[in-house]
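**Q** Before anything else, here's the structure in question.
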Amino acid sequence: MNETFYQEMRRKGYSRRDFLKMCGLLTAVLGLEASFTSRIANALETKPRLPVIYLSLQECTCCAESFIRTAHPLLSELLFNMISLDYMETLQAASGLQAEEAKMKTMQDYKGHYLVVVEGSIPLNDDGIYCTIGGRSAKDILLEAAQNSVAVIAYGSCATNTCVQGAYPNPTGAVPVKNIVAHVPVIDVPGCPPIAEVIAGVIAHYLTFDRLPELTNLGRPKAFYNHRIHDNCNRRAFFDAGMFVENFDDDGAKQGWCLYKVGCKGPTTYNACAITQWNNGVSYPIKSGHPCIGCSEPGFYDNFPMYEHLAHVPITAMPFEPDKIGKWITGLTVAGVAAHGVATGVIKRLDKEPRKDEEAGK
Amino acid sequence: MAVQRIVVDPITRIEGHLRIEADFDNGKIVNAFSSGTTFRGLEKIMEGRDPRDAWAFVQRICGVCTHIHAIASVQAVEDALGITIPKNADLIRKIMTATQFVQDHVIHFYHLHALDWVDVVSALKADPKATSTLAQSISNYPKSSVGYFTDIQNTLKGFVGSGQLGIFANGYWGHPAYKLPPEANLMAVAHYLEALEWQKDIVRIHTIFGGKNPHPNYLVGGMACAINIDNDNTINMERLDLVAREINKAIDFVNQVYIPDLFAIGSFYKDWGFGGGVTNYMSYGSLADDKTRNTKDAVFPGGIILNRDLSKVMDVDPRDPEQIKEVIDHSWYDYTGDKGGRHPWNGETTVKYTGPKPPYQQLDTAGKYSWIKTPQWMGKSMEVGPLARMLVGYARGNDVIKTSVDGALQKLGVGKESLFSALGRTLARGLETKIMVDYLKTTYDALLANIKAGDSKVFEQSKWDPSTWPKTCQGVGFTEAPRGALAHYVKIDNGKVSLYQAVVPTTWNAAPEDQQHQKGPYEAALIGTPMADPQKPLEIIRIIHSFDPCIACAAHIIDVNTGEPLNDNHFFY
Amino acid sequence: MLKKSVYVWESPIRIYHWVNVILITVLVATGLFIGDPIFTRPGEAYAVFIMGKVRLWHSMAAWLFIANFIYRLYWAFVGNEHAQFKPWRKGFVSDGIESVKYYLFLTKEHTLHLGHNVVAQLAYFTVMWIGSLFMILSGLALQGEIFPGGLQARIAGWMIPLFGGGSYALRSYHHLTTWIFIAFVVVHLYLVIRQDILDDDATVSSIINGHKFAMVDGEDNHDKH
């Protein structure tokens, strides 16, 4: 990571004396008592906290809401001891110009050493008019912030797969972060929203082990997205046993049986819900009786209806049921075969008759 | 001095992307324009979907109001299909609604709004001993020792001393509009952190019943969380105990921290009476009795107040095409034919962006300037939200609300006219939170009593299957969101959504002006406000924050007109 | 018109065929059940393991299916001419047109082929080779979901993003292809029985004993294959 402020000063030829003098000045500027000088000197001699720029683009703020719910580490620990959240519209004190200045300062002072967290997708249609901040398009803002960052975390389904606004017909031309950011690593942390401890965990992982987490083949941290919900589901035994909820609130539901037949997407959804669980381990959708809606998977809105297992025809929102189509295919085949069989019989008969005539003529 | 245009974009500590442009002259704001700068076009996406899925789409309108849009949606679909939900489901939904009010209001007060009133850097100069004395004089909250405040102050000192101010960087510290003494500031900062830690716990009530928060799960016809007190995988005593525990913690937190802080901080600012704005207030009413469904005597009564006249309340009907209309004179949309106002039922939303191409410096506020429409009641701009609810409840003679408001005014030593201000909104939000924590407890008790009586039903099965539905039908789900009046409208044809619309609180409050230059509530509230330094917009964000803006909600209301063909330059907002 | 008995289907081909019959039957039945478990069993979860067993059978049958597939692939190189598919050979296209004409009743007799005619060859190539390969790879990818980083995931994990990212879409196409196999079986049975009746060439029994009857009068058709 970045060298400390003190190291930088020494490298530039200043003495320790100059450094302490500067600390005294800084104390006065900040309006603090003289006793603060040593504290400031100490801070400037140690490593800076990881600067983080949190961008909110085309989103619903559920990710930010989830972020502040983290129980381990607590958000206050994260903010005071681990990271320096230099820009986050939802929480920061400054507005307007002052907010933008804070962001610019971090991008300059910590060039190549700050982390960008992005919540929201990037609407590209019509020159980006569908999401502007400070008069600038989401794409411009993202590209600028990502340029000198150490990595970009695409946080939440909007940023990883455009979530609801990207569902057919995607009217604003929303695209995920990885379509825009090319030259720095992008880590996908999907979910609508992701679990609080997951996003905090990804940041803490980077801080603690000094490297980006290993990713799955879909570009998500293995530490949280390695397994499907189905593989760790508390109702899995009932799936294997073939004991299913047929209707909500039926006897099976009152026994807590498997929700597979009411459309559960757990078997195709990679997330930590069943292990980490939500809101400090209290529950997760399946445990609370509702099927998983698959919110961390690309295009999950187009895999609805929610309470059935229907696939969709690509690039539309038209659902189809493989079994239904399959039955049609088979039905048509049987009909075709029958027709062909009848035709064969008829033609053979017609063929034979003139032959008889020929024989008779001989 | 010539009129100066101040642009504040982004307005931070809100949900979504809001831009304020204000004209500053002679030390005061003389005109203001509110612009929502995002649009997601969810409406087009809703077409042809299963109405039972609708809640999951529209819930994602907003992750802050994560519960209430889903509730309005399932209510609209149930209204259309004629479903009456079981009592348990009704009680659970009410518990979840009250939970959201409490959590949302506390977050708003401490994390979104407080820094407009509290100077964090000033807290460094506080005397922990005096702070402890102050804290103990206003509340019996256990965390109020000298040691506690010393620790908090030391943490803060270390933080400021590091030179990396994080979320507090570039704040308006030292601004003359800050009036609190250092001790009050330190106490507020301590409670900022306490609230941060507490708010993550109360939402566990949503997690128990809905599986997660944000964005818990719902079900048309009831709730999916089966109740079986003799099973380990359903709602049983342990689950209910966790709910009870969180409710009790919430009651303590609101009574011991939030309300005392509100009055302590409020008493220093009671002379700052700016930010009144429009003089009309509206509430649809919510949390009505599940049998009578009468919103007039609900926990939050519905009604309209005009010209701040609390002696008269008019009835409001979201279904009435004459009462509620949306105009688009200054919004980036177009109507074919008649350009006048339209009721959501026959609303149309064709995008017509006339604003500058990004990047831009300034909007053309003489023309269209926002993605937000202008909804009106009988041609008038209406403020919605906690203040509107408390005023309507007060005027309706609701005992709980009347006692609460009168008590608060007396305690602060101010008259009713003080309510019509930024601070009035903030006060109303607190009073409402207190009402909601008490309501949480009584509703929880009602749920337990109902389960004890042998009722464990949470879902009405009879109209689940689309074959039982009418060929065409329509419904409305209206309620009160933490930020104000909310209505979702749905039309169902052949088992699919053919029209979906929502008119949400922030659309009412953040609306741009209409053709007659009748200002929206944000705009009206800013006009006349003095500013100490036009470069530091503390006064502007203070007033805007008092409304608790939620722009994601406002700027992509689900308005769909399926009669229109889809083509490249034709969107619905 | 004389007929002579010709050894067409070597025993490895016949074994492959009948093993496949059994495996596809098991795979289709278990696969459909996994997709829609039509009956559920009350009782204690520890006492029953229906889905688990059905999935186990599906998985075991699938591994055997893969083995059988590879075995057949090997035989395509070392077996007799009827075990091979050579679309590049001379006359393939014109034979194909003749075959299509025959099935559309445009010509009365088809140029007799001991093995498969060109239409049949193409059908087998599409369904039994490409189709099976898709089912194998998608099946491995889906099973690989249980073992991230495991053998199946490494072999076929790339299938998942290929089908729009989530495994949901891949699963749906795995399902749909099952029905294509079912439809194929219908056509297959019809055509072999029809062939047997029309030309009386022992097509049906040939898959048991390997022998078909071929006409020996007139010019020899063998060269055309």
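**Q** Got a number for residues in the stretch B:59-89 being of a type outside the set (Gly, Ala, Ser), closer than 16 Å to B:Gln103 by Cβ and part of a loop (DSSP other than H, G, I, E, B)?
**A** Selection size over the stretch B:59-89: 5.
**Q** Okay, moving on. Quick one: how many residues across the stretch A:237-247 are at the interface with chain B (Cβ under 10 Å from one of its Cβ atoms) and either touching a Ser or Thr at 6+ places or on another chain (Cβ under 7 Å) or open to solvent by less than 10 Å² (accessible area, probe 1.4 Å) (or both)?
**A** Qualifying residue count for the region: 1.
**Q** Condition first: under 25 Å from A:Ile83 (Cα atoms), touching a residue at least 60 places away in the same chain (Cβ under 8 Å) and within 21 Å of the chain's Cα centre (by Cα). Can you find one or more residues in the stretch A:226-238 that meet it?
**A** The answer is no; no qualifying residue exists.
**Q** Among B:Asp559, B:Asp548, B:Asp568, which is the only one that is at pLDDT below 90, within 13 Å of chain A (Cβ to nearest Cβ), in a loop (DSSP other than H, G, I, E, B) and open to solvent by less than 10 Å² (accessible area, probe 1.4 Å)?
**A** Going through B:Asp559, B:Asp548, B:Asp568 in turn, just one is at pLDDT below 90, within 13 Å of chain A (Cβ to nearest Cβ), in a loop (DSSP other than H, G, I, E, B) and open to solvent by less than 10 Å² (accessible area, probe 1.4 Å): B:Asp559.
**Q** OK, next. Exactly one condition in (1) at pLDDT 90 or above; (2) buried (at least 24 other Cβ atoms within 10 Å of the Cβ) is not met by B:Ile85; state its number.
**A** Failed condition: (2).
**Q** Only one of these is at pLDDT below 80, among the aliphatic types (A, V, I, L, M) and either surrounded by 12 or more Cβ atoms within 10 Å (Cβ to Cβ) or touching an Asp or Glu at 6+ places or on another chain (Cβ under 7 Å) (or both): A:Ala343, A:Ala311. Name it.
**A** Residue meeting the stated conditions: A:Ala311.
**Q** Would you please name the residue that is modelled with the lowest pLDDT, looking only at residues in the stretch A:2-32 that are of a type in the set (S, T, N, Q) and either within 25 Å of B:Trp173 (Cα to Cα) or open to solvent by 50 Å² or more (accessible area, probe 1.4 Å) (or both)?
**A** Residue satisfying both the conditions and the ranking: A:Thr27.
**Q** Go through the stretch B:39-58 and give me each residue that's outside any loop (DSSP other than H, G, I, E, B) and open to solvent by less than 10 Å² (accessible area, probe 1.4 Å).
**A** Result: B:Leu42, B:Glu43, B:Ile45, B:Met46, B:Ala54, B:Trp55, B:Ala56, B:Phe57, B:Val58.
**Q** Now for a different question. Among residues belonging to the stretch A:97-130 that are of a type outside the set (D, E, K, R) and in a strand (DSSP E or B), point out the one that is farthest from A:Ile83 (Cα to Cα).
**A** The qualifying residue farthest from A:Ile83 (Cα to Cα) is A:Pro123.
**Q** Still on this structure: Count, please, the residues in the stretch B:304-326 that happen to be touching a residue at least 60 places away in the same chain (Cβ under 8 Å), part of a strand (DSSP E or B) and surrounded by fewer than 24 Cβ atoms within 10 Å (Cβ to Cβ).
**A** 1
**Q** Where residues in the stretch B:119-134 are open to solvent by less than 20 Å² (accessible area, probe 1.4 Å) and small (Gly, Ala, Ser), which of them is farthest from B:Leu165 (Cα to Cα)?
**A** The extreme case among them is B:Ser132.
**Q** Which one of these is part of a helix (DSSP H, G or I), farther than 30 Å from B:Arg319 by Cα and either modelled with pLDDT of 95 or more or polar (S, T, N, Q) (or both): B:Gly393, B:Gly407?
**A** B:Gly407
**Q** Separate question: From the residues in the stretch A:171-194 that are in a loop (DSSP other than H, G, I, E, B) and facing chain B (nearest Cβ under 8 Å), which one is farthest from A:Ile83 (Cα to Cα)?
**A** A:Pro171
**Q** Can you confirm whether the stretch B:204-211 contains a residue that is part of a loop (DSSP other than H, G, I, E, B), open to solvent by less than 10 Å² (accessible area, probe 1.4 Å), within 7 Å of chain A (Cβ to nearest Cβ) and not basic (Lys, Arg)?
**A** Yes, there is a match, as at least one residue in the stretch B:204-211 is part of a loop (DSSP other than H, G, I, E, B), open to solvent by less than 10 Å² (accessible area, probe 1.4 Å), within 7 Å of chain A (Cβ to nearest Cβ) and not basic (Lys, Arg).
**Q** State all residues of the stretch C:1-27 that are modelled with pLDDT under 95, among the hydrophobic types (A, V, I, L, M, F, W, C) and open to solvent by less than 50 Å² (accessible area, probe 1.4 Å); if no residue qualifies, say none.
**A** Residues satisfying the conditions are C:Val6, C:Val8, C:Trp9, C:Ile13.
**Q** Only one residue in B:Ile61, B:Ile107 is touching a strand residue (DSSP E or B) at 6+ places or on another chain (Cβ under 8 Å), closer than 18 Å to A:Glu65 by Cα and either of a type outside the set (Lys, Arg) or surrounded by fewer than 23 Cβ atoms within 10 Å (Cβ to Cβ) (or both), so which one is that?
**A** B:Ile61
**Q** Still on this structure, I have one more. How about the stretch B:20-34: which of its residues are at negative phi and either over 18 Å from the mean Cα position of the chain (by Cα) or hydrophobic (A, V, I, L, M, F, W, C) (or both)?
**A** B:Ile20, B:Glu21, B:Ala22, B:Asp23, B:Phe24, B:Asp25, B:Lys28, B:Ile29, B:Val30, B:Asn31, B:Ala32, B:Phe33
**Q** A further question follows. Can you report the number of residues in the stretch B:367-390 which are assigned to a loop (DSSP other than H, G, I, E, B) and polar (S, T, N, Q)?
**A** Residues flagged as assigned to a loop (DSSP other than H, G, I, E, B) and polar (S, T, N, Q) within the stretch B:367-390 amount to 1.
**Q** On the given criteria, is A:Val177 open to solvent by less than 10 Å² (accessible area, probe 1.4 Å) and in contact with a Phe, Trp or Tyr (Cβ under 6 Å, 6 or more places away or on another chain)?
**A** So A:Val177 fails the test.
**Q** Got at least one residue in the stretch B:183-192 being without any contact (Cβ under 8 Å) to a residue 12 or more places away in the chain and open to solvent by 30 Å² or more (accessible area, probe 1.4 Å)?
**A** Taking every residue of the stretch B:183-192 in turn, none turns out to be without any contact (Cβ under 8 Å) to a residue 12 or more places away in the chain and open to solvent by 30 Å² or more (accessible area, probe 1.4 Å).
**Q** For the stretch B:268-293, name all the residues that are among the acidic types (Asp, Glu) and in contact (Cβ under 8 Å) with a residue 40 or more places away in the chain.
**A** The answer is B:Asp290, and nothing else.
**Q** I need the full set of residues from the stretch B:193-203 which are more than 8 Å from every other protein chain (Cβ to nearest Cβ) and open to solvent by less than 10 Å² (accessible area, probe 1.4 Å), in order please.
**A** B:Ala195, B:Ile202
**Q** Looking only at the stretch A:213-233, filter to residues that are assigned to a loop (DSSP other than H, G, I, E, B) and open to solvent by 60 Å² or more (accessible area, probe 1.4 Å); which one of those is nearest to A:Tyr284 (Cα to Cα)?
**A** A:His227
**Q** Based on this model, can you work out whether C:Ala169 counts as more than 9 Å from chain A (Cβ to nearest Cβ) and either open to solvent by 40 Å² or more (accessible area, probe 1.4 Å) or farther than 14 Å from C:Gly35 by Cβ (or both)?
**A** no
**Q** On to the next question. Of a type in the set (Gly, Ala, Ser), touching a residue at least 12 places away in the same chain (Cβ under 8 Å) and not assigned by TED's automatic domain parsing to the domain that holds B:Gly495: does that describe B:Ala226?
**A** yes
**Q** Being open to solvent by 10 Å² or more (accessible area, probe 1.4 Å) and closer than 24 Å to A:Thr61 by Cβ is the filter here, so list the residues in the stretch B:17-34 that pass it.
**A** B:Phe33, the sole residue that qualifies.
**Q** Can I ask one more? In the same structural domain as B:Ala264 (by TED's automatic domain parsing), open to solvent by 20 Å² or more (accessible area, probe 1.4 Å) and either at positive phi or free of Cβ contacts under 8 Å to residues at least 60 places away in the same chain (or both), is that true of B:Ser137?
**A** Yes, satisfied.
The values are calculated or read from the model by the stated rules, or taken from the named source; none is laboratory data. Just so we're clear, the structure is a prediction, and the values are computed from it rather than from any experiment. Cβ atoms come from the backbone with ideal geometry, glycine included; neighbour counts cover every protein chain shown. What goes into the accessible areas is simple: the full protein's heavy atoms, side chains included, and nothing from ligands, DNA or RNA. Shrake-Rupley method; radii C 1.70, N 1.55, O 1.52, S 1.80 Å.
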